Amino acid sequence: MALKKELSLLYSILSTKIQNLPLNIRTRASRDLEDIFFNYNITEDQAKLEAIKKRAENKLVILDMAVESAPKATAVPGVKNFIVKDGKVEEGKAEVKFTPDYSNWYGGNVDPQDLRRHKDLLDRQHYSGPFWEGRKRNPSIIDEENPRYDNVEPEPHPDESLRAEKESSFEAVKR
């Protein structure tokens, strides 16, 4: 019974921490919380309850790290920024020349614009799109379950005289 009280306390702590997270992280974290505490109320098995407690404590540690690692915009006392202007060192911050382009579209994560362009290209080249809607793909031997291979007799080997005749008909060209 004490373990269930610990779990309910842990659930309330986790849910309050999740409510303080940014919206883009909050939905995933709350889904994870529901997965952890899926049916702990009806479970009486101590081993399962211990496993739920361990997963919940791990989630609590992760949430603490997420909150701690959030960027803080605080000035450090005693630290100053300097720039070189007209050959002289002055106190101040450097101006931002450009913001770098970062993309999270790499590896298996496909950029939606690239995907749209790819589909447009396939449609333009008649590999997909309205041209192929309602049509079956051309049959392939690979797709057949029981492919039929015709037993074809091999062609007879050409005479050596034909080969010699062909080789003699070519001229040597000088360049």
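Which pairs have Cβ atoms under 7 Å, sit 6 or more apart or on different chains, and link a residue in the stretch 45-57 that is in contact (Cβ under 8 Å) with a residue 24 or more places away in the chain to one that is in a helix (DSSP H, G or I) and among the β-branched types (Val, Ile, Thr)?
Ile52/Ile36; Ala56/Ile36
Condition first: surrounded by 10 or more Cβ atoms within 10 Å (Cβ to Cβ) and over 29 Å from Phe131 (Cβ atoms). Now tell me which residues in the stretch 91-119 satisfy that.
Residues satisfying the conditions are Gly92, Ala94.
A quick yes/no check of all residues on (1) assigned to a helix (DSSP H, G or I); (2) modelled with pLDDT of 85 or more; (3) in contact with a helix residue (DSSP H, G or I) (Cβ under 7 Å, 6 or more places away or on another chain):
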{"site": "Lys54", "(1), (2), (3)": "yes, yes, no"}
{"site": "Leu60", "(1), (2), (3)": "yes, no, yes"}
{"site": "Phe98", "(1), (2), (3)": "no, no, no"}
{"site": "Asn104", "(1), (2), (3)": "no, no, no"}
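Considering only residues that are part of a loop (DSSP other than H, G, I, E, B), modelled with pLDDT of 80 or more and surrounded by 12 or more Cβ atoms within 10 Å (Cβ to Cβ), which ones fall in the stretch 1-52?
Of everything in the stretch 1-52, those that are part of a loop (DSSP other than H, G, I, E, B), modelled with pLDDT of 80 or more and surrounded by 12 or more Cβ atoms within 10 Å (Cβ to Cβ) turn out to be Leu21, Phe37.
Given the options Glu133, Glu145, name the one that is acidic (Asp, Glu) and at pLDDT below 75.
So the residue among Glu133, Glu145 that is acidic (Asp, Glu) and at pLDDT below 75 is Glu145.
The values are calculated or read from the model by the stated rules, or taken from the named source; none is laboratory data. Bear in mind the structure is a predicted one, so any value in this text is a computation, not a measurement. Note that each Cβ is placed from the backbone with ideal geometry, even for glycine, and that neighbours are counted across all protein chains shown.
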